[in-house]
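For reference, the structure discussed in these notes is given below.
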Amino acid sequence: MGWFGFKKKSSGDVAKNRLKLVLSSDKAGCSPETMEQMKNEIIQVISKYIDVDTEGLEFRFRNEADGSNSLLANIPIKQQAKTRRSY
Amino acid sequence: MGEVIVVTSGKGGVGKTTTTANVGTGLAKLDKKVVLIDTDIGLRNLDVVMGLENRIVYNLVDVVEGNCKIKQALIKDKRYNTLYLLPSAQTRDKSAVTPEQMQSLCEALRGEFDYIIIDCPAGIEQGFKNAIAGADRALVVTTPEVSAVRDADRIIGLLEANEMKKIDLIVNRLRVDLVKRGEMMSSADVEEILAVNLIGIVPDDENIVVSTNQGEPLVGTDTKAGTAYMNICNRIIGEDVPFMDLTAKKGFFSRLFGKKN
(Lines give C-alpha, C1' and ligand atoms only; values in the text may rest on other atoms or scores of the structure.)
Protein backbone atom coordinates (compact mmCIF):
# COMPACT_ATOMS: atom_id res chain seq x y z
CA MET A 1 0.00 0.00 0.00
CA GLY A 2 1.51 3.33 -1.04
CA TRP A 3 1.17 6.57 0.90
CA PHE A 4 0.79 8.83 -2.12
CA GLY A 5 -1.77 8.27 -4.85
CA PHE A 6 0.48 5.78 -6.68
CA LYS A 7 0.99 2.43 -5.06
CA LYS A 8 3.48 -0.22 -5.91
CA LYS A 9 2.30 -3.73 -5.13
CA SER A 10 4.74 -5.55 -2.86
CA SER A 11 6.42 -8.54 -4.44
CA GLY A 12 5.13 -10.78 -1.63
CA ASP A 13 1.55 -10.06 -2.72
CA VAL A 14 2.50 -10.48 -6.36
CA ALA A 15 3.92 -13.92 -5.50
CA LYS A 16 0.76 -14.91 -3.64
CA ASN A 17 -1.53 -13.88 -6.46
CA ARG A 18 0.60 -15.51 -9.13
CA LEU A 19 0.61 -18.72 -7.09
CA LYS A 20 -3.16 -18.75 -6.69
CA LEU A 21 -3.53 -18.33 -10.43
CA VAL A 22 -0.96 -20.93 -11.41
CA LEU A 23 -2.30 -23.51 -8.94
CA SER A 24 -5.86 -23.23 -10.17
CA SER A 25 -4.76 -23.43 -13.79
CA ASP A 26 -2.47 -26.39 -12.98
CA LYS A 27 -5.48 -28.25 -11.71
CA ALA A 28 -8.28 -27.02 -13.90
CA GLY A 29 -6.61 -25.66 -16.97
CA CYS A 30 -8.40 -22.37 -16.40
CA SER A 31 -8.08 -19.18 -14.35
CA PRO A 32 -9.91 -18.44 -11.06
CA GLU A 33 -12.12 -15.96 -12.98
CA THR A 34 -13.16 -18.70 -15.39
CA MET A 35 -13.77 -21.03 -12.44
CA GLU A 36 -16.00 -18.43 -10.80
CA GLN A 37 -17.91 -17.91 -14.04
CA MET A 38 -18.34 -21.66 -14.51
CA LYS A 39 -19.56 -22.02 -10.93
CA ASN A 40 -22.13 -19.26 -11.38
CA GLU A 41 -23.41 -20.73 -14.62
CA ILE A 42 -23.78 -24.19 -13.07
CA ILE A 43 -25.71 -22.72 -10.14
CA GLN A 44 -27.92 -20.76 -12.55
CA VAL A 45 -28.85 -23.92 -14.42
CA ILE A 46 -29.58 -25.94 -11.27
CA SER A 47 -31.53 -23.03 -9.73
CA LYS A 48 -33.96 -23.22 -12.64
CA TYR A 49 -35.18 -26.56 -11.27
CA ILE A 50 -34.25 -26.67 -7.57
CA ASP A 51 -33.88 -24.06 -4.83
CA VAL A 52 -30.17 -24.23 -3.96
CA ASP A 53 -28.47 -22.98 -0.85
CA THR A 54 -25.59 -20.85 -2.15
CA GLU A 55 -24.19 -20.39 1.37
CA GLY A 56 -23.01 -23.96 1.92
CA LEU A 57 -21.73 -24.38 -1.60
CA GLU A 58 -18.52 -26.33 -2.24
CA PHE A 59 -16.86 -26.16 -5.61
CA ARG A 60 -13.28 -27.34 -6.03
CA PHE A 61 -10.87 -29.66 -7.76
CA ARG A 62 -9.88 -32.85 -6.03
CA ASN A 63 -6.85 -35.08 -6.60
CA GLU A 64 -7.75 -38.67 -7.31
CA ALA A 65 -5.66 -41.71 -6.42
CA ASP A 66 -4.76 -42.38 -10.06
CA GLY A 67 -3.22 -38.90 -10.36
CA SER A 68 -6.12 -37.37 -12.25
CA ASN A 69 -8.27 -34.47 -11.06
CA SER A 70 -12.00 -34.33 -10.65
CA LEU A 71 -14.36 -31.43 -10.18
CA LEU A 72 -16.22 -31.68 -6.92
CA ALA A 73 -19.45 -29.69 -6.68
CA ASN A 74 -21.41 -30.05 -3.49
CA ILE A 75 -24.59 -28.03 -3.82
CA PRO A 76 -26.92 -28.08 -0.80
CA ILE A 77 -30.65 -27.80 -1.48
CA LYS A 78 -32.82 -25.47 0.58
CA GLN A 79 -35.32 -27.24 2.81
CA GLN A 80 -38.79 -26.29 1.71
CA ALA A 81 -41.69 -26.11 4.16
CA LYS A 82 -43.99 -27.56 1.51
CA THR A 83 -41.83 -30.63 0.92
CA ARG A 84 -41.51 -31.34 4.60
CA ARG A 85 -45.28 -31.20 5.17
CA SER A 86 -45.96 -33.71 2.45
CA TYR A 87 -44.05 -36.40 4.33
CA MET B 1 3.30 -48.89 18.39
CA GLY B 2 5.48 -46.29 16.73
CA GLU B 3 4.35 -43.60 14.34
CA VAL B 4 5.81 -43.36 10.83
CA ILE B 5 6.36 -39.79 9.63
CA VAL B 6 7.52 -38.90 6.13
CA VAL B 7 9.31 -35.58 5.51
CA THR B 8 8.61 -34.50 1.96
CA SER B 9 8.46 -31.39 -0.25
CA GLY B 10 8.43 -32.05 -3.97
CA LYS B 11 11.06 -29.42 -4.70
CA GLY B 12 14.68 -30.11 -3.82
CA GLY B 13 16.80 -27.93 -1.57
CA VAL B 14 14.05 -26.62 0.70
CA GLY B 15 15.35 -28.39 3.81
CA LYS B 16 13.90 -31.91 3.97
CA THR B 17 17.10 -33.52 5.20
CA THR B 18 17.84 -30.73 7.68
CA THR B 19 14.27 -31.01 8.97
CA THR B 20 14.51 -34.81 9.27
CA ALA B 21 17.80 -34.53 11.20
CA ASN B 22 16.53 -31.85 13.55
CA VAL B 23 13.07 -33.28 14.17
CA GLY B 24 14.56 -36.74 14.77
CA THR B 25 17.23 -35.43 17.14
CA GLY B 26 14.67 -33.25 18.92
CA LEU B 27 12.34 -36.19 19.50
CA ALA B 28 15.28 -38.18 20.88
CA LYS B 29 15.97 -35.25 23.21
CA LEU B 30 12.39 -35.67 24.41
CA ASP B 31 13.35 -39.25 25.37
CA LYS B 32 11.61 -40.86 22.40
CA LYS B 33 13.10 -43.84 20.62
CA VAL B 34 13.66 -42.66 17.07
CA VAL B 35 14.96 -44.09 13.79
CA LEU B 36 15.67 -41.95 10.75
CA ILE B 37 15.51 -43.55 7.31
CA ASP B 38 17.20 -41.94 4.32
CA THR B 39 15.26 -43.06 1.22
CA ASP B 40 17.16 -40.93 -1.28
CA ILE B 41 18.93 -43.81 -2.99
CA GLY B 42 21.96 -42.69 -4.98
CA LEU B 43 22.01 -39.25 -3.33
CA ARG B 44 22.73 -40.13 0.28
CA ASN B 45 22.91 -37.09 2.56
CA LEU B 46 21.22 -37.61 5.92
CA ASP B 47 24.36 -39.41 7.19
CA VAL B 48 26.58 -36.34 6.67
CA VAL B 49 24.01 -33.96 8.14
CA MET B 50 23.86 -36.20 11.22
CA GLY B 51 27.68 -36.53 11.30
CA LEU B 52 27.50 -40.32 11.02
CA GLU B 53 29.02 -40.82 7.57
CA ASN B 54 32.05 -42.73 8.86
CA ARG B 55 30.02 -45.39 10.61
CA ILE B 56 28.06 -46.86 7.70
CA VAL B 57 28.41 -50.58 7.14
CA TYR B 58 25.07 -51.67 5.69
CA ASN B 59 22.32 -49.59 4.11
CA LEU B 60 18.61 -49.52 3.23
CA VAL B 61 19.04 -51.64 0.09
CA ASP B 62 21.04 -54.26 2.03
CA VAL B 63 18.13 -54.48 4.48
CA VAL B 64 15.36 -54.86 1.91
CA GLU B 65 17.41 -57.33 -0.12
CA GLY B 66 18.06 -59.39 3.01
CA ASN B 67 21.87 -59.03 2.93
CA CYS B 68 21.78 -58.12 6.61
CA LYS B 69 19.41 -57.88 9.55
CA ILE B 70 17.73 -54.53 10.19
CA LYS B 71 19.62 -54.12 13.47
CA GLN B 72 22.99 -54.56 11.75
CA ALA B 73 22.27 -51.63 9.44
CA LEU B 74 21.10 -49.21 12.13
CA ILE B 75 23.74 -46.68 13.17
CA LYS B 76 23.53 -45.37 16.71
CA ASP B 77 23.75 -41.58 17.03
CA LYS B 78 26.84 -40.02 18.65
CA ARG B 79 24.94 -37.99 21.22
CA TYR B 80 21.61 -39.71 21.87
CA ASN B 81 21.41 -43.40 22.56
CA THR B 82 17.73 -43.61 21.61
CA LEU B 83 18.42 -42.25 18.12
CA TYR B 84 19.36 -44.38 15.10
CA LEU B 85 19.95 -43.87 11.38
CA LEU B 86 19.26 -46.26 8.55
CA PRO B 87 21.38 -44.80 5.74
CA SER B 88 20.56 -44.91 2.05
CA ALA B 89 22.63 -46.72 -0.58
CA GLN B 90 24.91 -44.54 -2.65
CA THR B 91 25.66 -46.88 -5.54
CA ARG B 92 22.13 -48.03 -6.42
CA ASP B 93 19.04 -46.34 -7.86
CA LYS B 94 15.42 -45.83 -6.81
CA SER B 95 14.25 -49.07 -8.42
CA ALA B 96 16.26 -51.07 -5.84
CA VAL B 97 13.39 -50.62 -3.36
CA THR B 98 9.63 -51.06 -3.81
CA PRO B 99 6.75 -49.43 -1.87
CA GLU B 100 5.78 -52.88 -0.54
CA GLN B 101 9.29 -53.40 0.86
CA MET B 102 9.17 -49.98 2.53
CA GLN B 103 5.80 -50.83 4.05
CA SER B 104 7.05 -54.03 5.61
CA LEU B 105 10.24 -52.31 6.82
CA CYS B 106 8.15 -49.64 8.56
CA GLU B 107 5.93 -52.31 10.10
CA ALA B 108 8.99 -54.15 11.40
CA LEU B 109 10.39 -50.97 12.99
CA ARG B 110 7.09 -49.89 14.58
CA GLY B 111 7.43 -52.32 17.46
CA GLU B 112 10.92 -51.09 18.35
CA PHE B 113 10.63 -47.32 17.97
CA ASP B 114 8.31 -44.48 19.01
CA TYR B 115 8.99 -42.56 15.80
CA ILE B 116 10.18 -43.69 12.39
CA ILE B 117 11.10 -40.61 10.35
CA ILE B 118 11.57 -40.97 6.63
CA ASP B 119 13.60 -38.49 4.60
CA CYS B 120 11.96 -38.43 1.16
CA PRO B 121 13.86 -37.61 -2.04
CA ALA B 122 12.81 -34.64 -4.18
CA GLY B 123 10.39 -35.31 -7.02
CA ILE B 124 7.20 -37.32 -7.37
CA GLU B 125 8.59 -40.49 -8.91
CA GLN B 126 9.45 -43.92 -7.50
CA GLY B 127 11.53 -42.52 -4.61
CA PHE B 128 8.57 -40.45 -3.40
CA LYS B 129 6.22 -43.43 -3.70
CA ASN B 130 8.64 -45.57 -1.69
CA ALA B 131 9.00 -42.93 1.02
CA ILE B 132 5.28 -42.40 1.59
CA ALA B 133 4.23 -46.06 1.29
CA GLY B 134 4.53 -46.96 4.97
CA ALA B 135 3.83 -43.54 6.49
CA ASP B 136 0.99 -42.57 8.83
CA ARG B 137 1.55 -38.86 8.59
CA ALA B 138 3.52 -36.35 6.54
CA LEU B 139 5.47 -33.20 7.25
CA VAL B 140 5.47 -31.11 4.08
CA VAL B 141 8.43 -28.72 4.01
CA THR B 142 8.32 -25.60 1.87
CA THR B 143 10.02 -22.23 1.67
CA PRO B 144 7.98 -19.06 1.03
CA GLU B 145 8.81 -19.04 -2.68
CA VAL B 146 6.49 -19.58 -5.63
CA SER B 147 8.37 -22.62 -6.94
CA ALA B 148 8.52 -24.43 -3.60
CA VAL B 149 4.89 -23.67 -2.72
CA ARG B 150 3.64 -24.82 -6.11
CA ASP B 151 5.49 -28.13 -5.68
CA ALA B 152 4.22 -28.45 -2.09
CA ASP B 153 0.66 -28.08 -3.38
CA ARG B 154 1.23 -30.87 -5.86
CA ILE B 155 2.73 -33.07 -3.15
CA ILE B 156 -0.19 -32.39 -0.78
CA GLY B 157 -2.57 -33.39 -3.58
CA LEU B 158 -0.67 -36.66 -4.09
CA LEU B 159 -0.58 -37.35 -0.34
CA GLU B 160 -4.33 -36.79 -0.11
CA ALA B 161 -4.91 -39.04 -3.09
CA ASN B 162 -2.86 -41.74 -1.32
CA GLU B 163 -5.02 -41.30 1.77
CA MET B 164 -2.31 -39.94 4.07
CA LYS B 165 -4.01 -39.66 7.46
CA LYS B 166 -2.38 -36.45 8.64
CA ILE B 167 -0.57 -33.75 6.70
CA ASP B 168 1.23 -30.88 8.45
CA LEU B 169 3.11 -27.98 6.94
CA ILE B 170 6.53 -26.56 7.85
CA VAL B 171 7.42 -23.17 6.40
CA ASN B 172 11.18 -23.17 6.30
CA ARG B 173 13.76 -20.43 5.84
CA LEU B 174 11.38 -17.55 6.47
CA ARG B 175 13.08 -14.15 6.23
CA VAL B 176 11.28 -12.00 8.77
CA ASP B 177 12.87 -8.79 7.47
CA LEU B 178 11.61 -9.48 3.94
CA VAL B 179 8.13 -10.41 5.16
CA LYS B 180 7.96 -7.13 7.10
CA ARG B 181 8.81 -5.20 3.95
CA GLY B 182 6.22 -7.17 2.00
CA GLU B 183 8.89 -8.68 -0.23
CA MET B 184 8.27 -12.28 0.86
CA MET B 185 5.11 -14.28 1.43
CA SER B 186 4.34 -14.71 5.12
CA SER B 187 3.77 -18.12 6.71
CA ALA B 188 0.07 -17.16 6.89
CA ASP B 189 0.04 -16.56 3.12
CA VAL B 190 1.58 -19.98 2.49
CA GLU B 191 -0.78 -21.64 4.94
CA GLU B 192 -3.76 -20.00 3.22
CA ILE B 193 -2.69 -21.16 -0.24
CA LEU B 194 -1.90 -24.74 0.78
CA ALA B 195 -4.82 -25.12 3.21
CA VAL B 196 -3.18 -27.65 5.55
CA ASN B 197 -2.32 -27.41 9.24
CA LEU B 198 0.81 -25.34 9.97
CA ILE B 199 3.00 -27.20 12.47
CA GLY B 200 6.09 -25.01 12.35
CA ILE B 201 7.80 -21.90 11.06
CA VAL B 202 11.58 -22.07 10.86
CA PRO B 203 13.30 -18.71 10.33
CA ASP B 204 16.26 -18.41 8.00
CA ASP B 205 19.21 -18.85 10.33
CA GLU B 206 22.92 -18.95 9.48
CA ASN B 207 23.44 -21.27 12.46
CA ILE B 208 21.94 -24.01 10.27
CA VAL B 209 24.92 -23.73 7.91
CA VAL B 210 27.33 -24.01 10.84
CA SER B 211 25.48 -26.99 12.33
CA THR B 212 25.39 -28.78 8.97
CA ASN B 213 29.11 -28.11 8.50
CA GLN B 214 29.75 -29.80 11.82
CA GLY B 215 27.27 -32.61 11.36
CA GLU B 216 25.44 -31.69 14.56
CA PRO B 217 21.73 -30.83 14.38
CA LEU B 218 21.03 -27.58 16.27
CA VAL B 219 17.57 -28.47 17.57
CA GLY B 220 17.08 -27.29 21.14
CA THR B 221 20.07 -24.91 21.11
CA ASP B 222 19.58 -21.24 21.91
CA THR B 223 19.15 -20.20 18.29
CA LYS B 224 16.04 -19.19 16.39
CA ALA B 225 16.06 -22.29 14.18
CA GLY B 226 16.98 -24.50 17.16
CA THR B 227 13.99 -23.22 19.12
CA ALA B 228 11.68 -23.48 16.10
CA TYR B 229 12.63 -27.14 15.53
CA MET B 230 12.18 -27.99 19.22
CA ASN B 231 8.70 -26.42 19.08
CA ILE B 232 7.86 -28.61 16.09
CA CYS B 233 8.96 -31.72 18.03
CA ASN B 234 6.77 -30.77 20.98
CA ARG B 235 3.81 -30.25 18.64
CA ILE B 236 4.46 -33.65 17.05
CA ILE B 237 4.17 -35.37 20.43
CA GLY B 238 0.88 -33.55 20.93
CA GLU B 239 1.81 -30.52 23.05
CA ASP B 240 0.15 -27.21 22.38
CA VAL B 241 3.11 -24.86 21.84
CA PRO B 242 2.47 -21.26 20.79
CA PHE B 243 4.33 -20.02 17.72
CA MET B 244 7.45 -18.05 18.66
CA ASP B 245 7.63 -14.32 18.10
CA LEU B 246 10.17 -14.11 15.32
CA THR B 247 10.39 -10.35 15.54
CA ALA B 248 11.48 -10.35 19.17
CA LYS B 249 15.05 -9.81 20.51
CA LYS B 250 18.25 -10.30 18.51
CA GLY B 251 16.27 -8.88 15.58
CA PHE B 252 17.55 -7.98 12.18
CA PHE B 253 17.27 -4.28 12.93
CA SER B 254 19.45 -4.41 16.02
CA ARG B 255 21.98 -6.34 14.01
CA LEU B 256 21.83 -3.90 11.11
CA PHE B 257 22.02 -0.71 13.16
CA GLY B 258 24.56 -1.76 15.76
CA LYS B 259 24.04 -3.52 19.03
CA LYS B 260 21.89 -1.10 20.97
CA ASN B 261 20.56 -3.75 23.32
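The values are calculated or read from the model by the stated rules, or taken from the named source; none is laboratory data. Note that this is a predicted model, so its numbers are computed, not measured. Methodologically, a virtual Cβ is constructed for each residue, glycine included, from the backbone with ideal geometry; neighbour enumeration extends over all protein chains shown.
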For residue B:17, work out the one condition from (1) more than 30 Å from residue B:150 (Cβ to Cβ); (2) outside any loop (DSSP other than H, G, I, E, B) it doesn't fulfil. (1)
Failed criterion for residue B:183 (all others in (1) in contact with a helix residue (DSSP H, G or I) (Cβ under 7 Å, 6 or more places away or on another chain); (2) surrounded by fewer than 17 Cβ atoms within 10 Å (Cβ to Cβ); (3) under 22 Å from residue B:36 (Cβ atoms) hold): (3)
Within region B:162-174, identify whether any single residue is modelled with pLDDT under 95 and within 8 Å of another protein chain (Cβ to nearest Cβ), and answer yes or no. yes
Scan region A:65-82 for residues that are within 14 Å of chain B (Cβ to nearest Cβ) and modelled with pLDDT under 70 and report the count. 3
Name, by its number, the condition in (1) of a type outside the set (S, T, N, Q); (2) surrounded by fewer than 24 Cβ atoms within 10 Å (Cβ to Cβ); (3) under 30 Å from residue B:221 (Cβ atoms) that does not hold for residue B:96. (3)
Just to be sure I understand, how many residues within region B:39-53 are crowded, with 20+ Cβ neighbours inside 10 Å and acidic (Asp, Glu)? 2
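Of everything in region A:19-64, what is away from chain B (no Cβ under 14 Å) and acidic (Asp, Glu)? Give them in sequence order.
Restricting attention to region A:19-64, the residues satisfying the condition of being away from chain B (no Cβ under 14 Å) are A:29-31, A:33-57, A:59.
Hits for region A:19-64 are A:33, A:36, A:41, A:51, A:53, A:55.
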Scan region B:102-118 and give yes if some residue there is modelled with pLDDT of 95 or more, under 19 Å from the mean Cα position of the chain (by Cα) and hydroxyl-bearing (Ser, Thr, Tyr), otherwise no. yes
When the residues of region B:138-149 are filtered to those that are in contact with a helix residue (DSSP H, G or I) (Cβ under 6 Å, 6 or more places away or on another chain) and facing another protein chain (nearest Cβ under 10 Å), which remaining residue is surrounded by the fewest Cβ atoms within 10 Å (Cβ to Cβ)? B:146
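Got a sec? Which of B:131, B:135 is closer than 26 Å to residue B:32 by Cα, modelled with pLDDT of 95 or more, over 13 Å from the mean Cα position of the chain (by Cα) and more than 14 Å from chain A (Cβ to nearest Cβ)?
On the way: B:131 fails: over 13 Å from the mean Cα position of the chain (by Cα).
From the options B:131, B:135, the qualifying one is B:135.
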Quick one: how many residues across region A:34-62 are assigned to a loop (DSSP other than H, G, I, E, B) and under 9 Å from the mean Cα position of the chain (by Cα)? 1
Top-ranked residue in region B:164-219 [being polar (S, T, N, Q) and touching a residue at least 60 places away in the same chain (Cβ under 8 Å); ranked as nearest to residue B:3 (Cα to Cα)]: B:172
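Confirm whether residue B:155 is in contact with a Ser or Thr (Cβ under 7 Å, 6 or more places away or on another chain), buried (at least 22 other Cβ atoms within 10 Å of the Cβ), more than 10 Å from chain A (Cβ to nearest Cβ) and within 19 Å of residue B:134 (Cβ to Cβ). Explain how you work it out, then say what you get.
On the way: in contact with a Ser or Thr (Cβ under 7 Å, 6 or more places away or on another chain): yes; buried (at least 22 other Cβ atoms within 10 Å of the Cβ): yes; more than 10 Å from chain A (Cβ to nearest Cβ): yes; within 19 Å of residue B:134 (Cβ to Cβ): yes.
Yes.
Check every one of the strands (runs of 3 or more DSSP E) wholly within region B:46-157 and list those with 1 or more residues that are of a type in the set (Phe, Trp, Tyr) and in contact (Cβ under 8 Å) with a residue 40 or more places away in the chain. Working first, answer last.
Working: elements: B:83-86, B:115-119, B:137-142.
The qualifying strands (runs of 3 or more DSSP E) are B:83-86, B:115-119.
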Can you pull out the residues in region A:7-18 that are at pLDDT below 90 and more than 7 Å from chain B (Cβ to nearest Cβ)? A:7, A:8, A:9, A:17
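Listed here are the residues, each with its yes/no results for (1) over 20 Å from residue B:65 (Cα atoms); (2) among the acidic types (Asp, Glu).
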position: B:107; (1), (2): no, yes
position: B:111; (1), (2): yes, no
position: B:115; (1), (2): yes, no
position: B:118; (1), (2): no, no
position: B:122; (1), (2): yes, no
position: B:129; (1), (2): no, no
position: B:134; (1), (2): no, no
position: B:148; (1), (2): yes, no
